[in-house]
Amino acid sequence: MTLVGGPAHGTALHSLPGYYGYFTAIWCLLPALAVLLLWVLLEPRMIVALVVQGLPEAQRNLPAGELNLLVNNIQNLAAGDAVSGSVDAILTDAANRFNEYSVLSRKILAVLTLGLGGLGASIAWRRIHPDFRARNRVEQIVLVALIAASSIAIFTTIGIVLSVLFEAIRFFQKVPATEFLFGLNWSPQTAIRADQVGSSGSFGAVPLFTGTLLITAIAMLVAVPVGLMTAIYLAEYSSRRVRGIAKPLLEVLAGIPTVVYGFFAALTVAPWVRRAGESMGLEVASESALAAGLVMGIMIIPLVSSLSDDAINAVPSAMRDGALGLGSTRSETMTRVILPAALPGIVGGILLAVSRAIGETMIVVMAAGLAANLTANPFEAVTTVTVQIVTLLVGDQEFDSAKTLAAFALGLMLFVVTLILNVIGLNVVRKYREQYD
Amino acid sequence: MRMAHMTEPTVTENDVMAAQPDVDVADLGDSGRDVSSIAVDLPEQLTELGTTVGEVRCEDPYVVAEKVNVHYGDNHAIQNVTLEISKKEVIALIGPSGCGKSTFLRCLNRMNDSIESARVTGQITLGGQDIYSKEFDPVALRARVGMVFQKPNPFPKSIYDNVAYGPRIHGLANDRAELDDIVHRSLERAGLLKEVIDRLDEPGTGLSGGQQQRLCIARTIAVNPEVILMDEPCSALDPIATARIEDLMDELAEDYAIVIVTHSMQQAARVSKRVAYFHLGLLVEVDETDTIFTNPRHKLTEDYITGRIG
Ligand SMILES: Nc1ncnc2c1ncn2[C@@H]1O[C@H](COP(=O)(O)OP(=O)(O)O)[C@@H](O)[C@H]1O
Ligand SMILES: [Mg+2]
């Protein structure tokens, strides 16, 4: 590397020597890798197309389904696997050609990538001279890589949203949106065959929304007071040692998989709620909204407490000092100064928790009921949007029946509601943080 | 942080001197002069540390600190400080950053209680009562010894509610009319009433910095304290707002004992009757303001007021 000896030769390199190395390596690898990727993606189709081209006229003009089967057989034979149907000359011939093409393709690929690597390296080599801004070039490429990585998440999200949206639109072509949004009767069973007895299905989602709301409300009734009081205690009253123990414990609670909460709800809490209700002379379903809501509330406590804790800690200590300096007790300081000041942040946190509760699935699948039930009685079984999505899609389904498409419509509703809650919640939390910066 | 009743100070004067044989140059700010060497050069002035020169006692003392020591963990932040403050005077605490002025100030209303590592020993009395004794309620103390902080810290409430906060929690007003009266009088005394009379229900945080600080002063005098502590109350304000607060202090001095921490010599000279100079946790010199600024008795005091110690 004669050029890299720059300083010794009295000419200053624009960039550190390493950057010229990176630059060369990128030129050597990137084009070759791109070709490799493309090749691997396209190769199977190309080969199949070539093999089909070589088939006799009769086979080539088979309907798509049978041709597919034939190609499958050729591929299996080529790989030496079992073949359905008899093996004739045409088939073996095609299989041999298939193998030939494969080997050829590998060879071309090897030559192509190595050649491109060498070519890239030599182009890079030629471009390198002391004034060349290798550092800037390398950074540009790194920037492109970073943008590509971050757009994966964004485009996936957009893709999912669009697909849910289009499927939901297809659903609304079969079932009017007004029936879905305002109908009081949910029974998604549809007749699969024309001669089958059975309902034509009714898709009034109101019982699902009320069920979701009921369970969410019970969960928030548990999580908000408990979480808030936990946060107040930890932020203002506890000694550093208690805080050091309690905070990690809460994080453990937050880290328990929801499926564990789910069977805890179904196997422990639900029977307990039923027995407790019975001993008080109340009629309690074995899958009551109360049981699911209670456990969901416990699951959300850490979320509420940690967001409230953040909000309380974000209140400047000058407020605390000001209140104490006027002769307030600790609880007066808390209730009259700190909590009002932290309230927007706490409200934002609660909205995020509500959105979490609405979208929660595992607990309600295991502990809430399946029957859509329009009721506000927490002792009865209700079902939620997420539970219905799961039941609609579990098992064998016809892909364009209203029943299956209903899941997409429900998913869209869920997505819109939680998105709105999240946007409001995050905005409130952020505004509130800015207020004290 | 609790102070044992009438305990002997844990550190004797000799200990203090032993603990401070060579002054750490790094702590003396940007001038970075070696104070001990200056001290050796000028034998006619008092140079030793550990005893306070000047007059720590005063006529008719109301707040009396006797041999007060404060430790933050291992950091001995206030060492054996004795100081008397009378009922109707303004006393200024001056000294380089980190010398313990705020710490000493916070001892006087027990705000150090909320700092976990802080430990206060010695004795402080207010009107003859030991404020660190078990029977003394720190919450009630803070209603009698109010505090104004360095950065204006109005609550995120309306102007009215800011001032009404103290009277409300202490039950000073029997009805709305009385509360209105207290709020108006306090704002008037703090020189803020004219500016805010039309917008008492707007948030206090919307005022300018100087107005916010006067709001905090109004909030403090609304609970009718006997002593007002001010920790660099003007350091976040512009010169005009500062001048207004200094005028205000002159007026307040007629009714309250005021202890003010300041970094500005001019401010100390303008508002205070006496000045106490702190250095590395020691109270070096206490004197009449005129004496301190024209004829300081301690070499360190002179160095500080002439700007040789930053
Ligand atoms: N809350 C605290 N915790 C621990 N050390 C403190 C605390 N506050 C002040 N100190 C220490 O006490 C000393 C005096 O600080 P301070 O009273 O704030 O000085 P000043 O107000 O004169 O600048 C410093 O060394 C400082 O580091
Ligand atoms: Mg200070």
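Okay, here's what the table says:
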{"item": "Candidate set from the range A:308-330 (those that are buried (at least 23 other Cβ atoms within 10 Å of the Cβ) and farther than 19 Å from B:Ile169 by Cβ); member that is nearest to the other protein chains (Cβ to nearest Cβ)", "result": "A:Ala311"}
{"item": "For A:Gln140: the one exception among (1) part of a helix (DSSP H, G or I); (2) in contact (Cβ under 8 Å) with a residue 12 or more places away in the chain", "result": "(2)"}
{"item": "Unmet criterion (only one of (1) modelled with pLDDT of 90 or more; (2) in contact with a strand residue (DSSP E or B) (Cβ under 7 Å, 6 or more places away or on another chain)) for A:Asn185", "result": "(1)"}
{"item": "Hits in the range B:134-160 - residues which are closer than 25 Å to B:Ala177 by Cα and touching a residue at least 40 places away in the same chain (Cβ under 8 Å)", "result": "B:Ala143, B:Arg144, B:Gly146, B:Pro154, B:Phe155, B:Pro156, B:Lys157, B:Ser158, B:Ile159, B:Tyr160"}
{"item": "Filtered residue count, the range B:126-166, keeping only those that are facing chain A (nearest Cβ under 9 Å), basic (Lys, Arg) and either over 19 Å from the mean Cα position of the chain (by Cα) or closer than 16 Å to B:Leu200 by Cβ (or both)", "result": "1"}
{"item": "Residues of the range B:236-260 satisfying the condition of being within 14 Å of chain A (Cβ to nearest Cβ) and under 14 Å from the mean Cα position of the chain (by Cα)", "result": "B:Val259"}
{"item": "Residues being surrounded by fewer than 21 Cβ atoms within 10 Å (Cβ to Cβ), under 17 Å from the mean Cα position of the chain (by Cα) and within 20 Å of B:Glu195 (Cα to Cα) - total across the range B:205-235", "result": "0"}
{"item": "B:Gln20 under 26 Å from B:Asn295 (Cα atoms), modelled with pLDDT of 90 or more and within 16 Å of ligand 1 (Cβ to nearest atom)", "result": "no"}
{"item": "Residue in the range B:56-113 that is modelled with the lowest pLDDT, counting only those that are among the basic types (Lys, Arg) and in contact with a Phe, Trp or Tyr (Cβ under 9 Å, 6 or more places away or on another chain)", "result": "B:Lys88"}
{"item": "Among (1) surrounded by 21 or more Cβ atoms within 10 Å (Cβ to Cβ); (2) away from ligand 2 (no atom under 16 Å from the Cβ); (3) over 16 Å from B:Tyr277 (Cβ atoms), the one test that B:Cys107 misses", "result": "(2)"}
{"item": "Failed item in (1) away from ligand 2 (no atom under 16 Å from the Cβ); (2) in a helix (DSSP H, G or I); (3) within 14 Å of chain A (Cβ to nearest Cβ), with B:Arg185 passing the rest", "result": "(3)"}
{"item": "Residue satisfying all of: in the range B:62-102; within 16 Å of ligand 2 (Cβ to nearest atom) and of a type in the set (Gly, Ala, Ser); nearest to B:Ile305 (Cα to Cα) among these", "result": "B:Gly95"}
{"item": "Wholly within the range B:201-306, helices (runs of 4 or more DSSP H) carrying at least 2 residues that are at pLDDT below 90 and touching a Lys or Arg at 6+ places or on another chain (Cβ under 6 Å)", "result": "none"}
{"item": "Qualifying residue in the range A:249-257 (condition: assigned by TED's automatic domain parsing to the domain that holds A:Glu360 and in contact with an Asp or Glu (Cβ under 8 Å, 6 or more places away or on another chain))", "result": "no"}
{"item": "Filter result for the condition that a residue is of a type in the set (A, V, I, L, M, F, W, C) and within 16 Å of ligand 1 (Cβ to nearest atom), over B:Leu282, B:Leu248", "result": "B:Leu282"}
{"item": "Within the range A:85-104, tally of residues that are assigned to a helix (DSSP H, G or I), of a type in the set (Gly, Ala, Ser) and loosely packed, with under 12 Cβ neighbours inside 10 Å", "result": "1"}
{"item": "Given (1) surrounded by fewer than 22 Cβ atoms within 10 Å (Cβ to Cβ); (2) farther than 30 Å from A:Phe209 by Cβ, index of the condition A:Val347 fails", "result": "(2)"}
{"item": "Count of the range B:102-122 residues which are within 10 Å of chain A (Cβ to nearest Cβ) and away from ligand 1 (no atom under 12 Å from the Cβ)", "result": "2"}
{"item": "Residue within the range B:118-125 that is on the phi < 0 side of the Ramachandran plot, within 16 Å of ligand 2 (Cβ to nearest atom) and surrounded by fewer than 21 Cβ atoms within 10 Å (Cβ to Cβ) present", "result": "yes"}
{"item": "Odd one out for B:Glu232 among (1) within 16 Å of ligand 1 (Cβ to nearest atom); (2) more than 14 Å from chain A (Cβ to nearest Cβ)", "result": "(2)"}
{"item": "Filter result for A:Ile338 (under 31 Å from the mean Cα position of the chain (by Cα) and either within 14 Å of chain B (Cβ to nearest Cβ) or part of a helix (DSSP H, G or I) (or both))", "result": "no"}
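Here's the yes/no breakdown for (1) in a helix (DSSP H, G or I); (2) closer than 13 Å to A:Ile215 by Cβ:
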residue: A:Ala276; (1), (2): yes, no
residue: A:Val284; (1), (2): no, no
residue: A:Leu290; (1), (2): yes, yes
residue: A:Leu294; (1), (2): yes, yes
residue: A:Met299; (1), (2): yes, yes
residue: A:Leu303; (1), (2): yes, no
residue: A:Ser328; (1), (2): no, no
residue: A:Leu351; (1), (2): yes, no
residue: A:Leu374; (1), (2): no, no
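Every residue, every condition in (1) among the acidic types (Asp, Glu); (2) under 29 Å from the mean Cα position of the chain (by Cα), yes or no:
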residue	(1), (2)
A:Ser238	no, no
A:Arg243	no, no
A:Leu282	no, no
A:Ala292	no, yes
A:Ile301	no, yes
A:Ser317	no, no
A:Glu332	yes, no
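Every residue, every condition in (1) surrounded by 14 or more Cβ atoms within 10 Å (Cβ to Cβ); (2) outside any helix (DSSP H, G or I); (3) of a type outside the set (A, V, I, L, M); (4) not assigned by TED's automatic domain parsing to the domain that holds A:Leu41, yes or no:
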residue: A:Leu70; (1), (2), (3), (4): yes, no, no, no
residue: A:Leu77; (1), (2), (3), (4): yes, no, no, no
residue: A:Val83; (1), (2), (3), (4): yes, yes, no, no
residue: A:Arg106; (1), (2), (3), (4): no, no, yes, no
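The values are calculated or read from the model by the stated rules, or taken from the named source; none is laboratory data. Not measured: the values here are computed from a predicted model. Methodologically, a virtual Cβ is constructed for each residue, glycine included, from the backbone with ideal geometry; neighbour enumeration extends over all protein chains shown.
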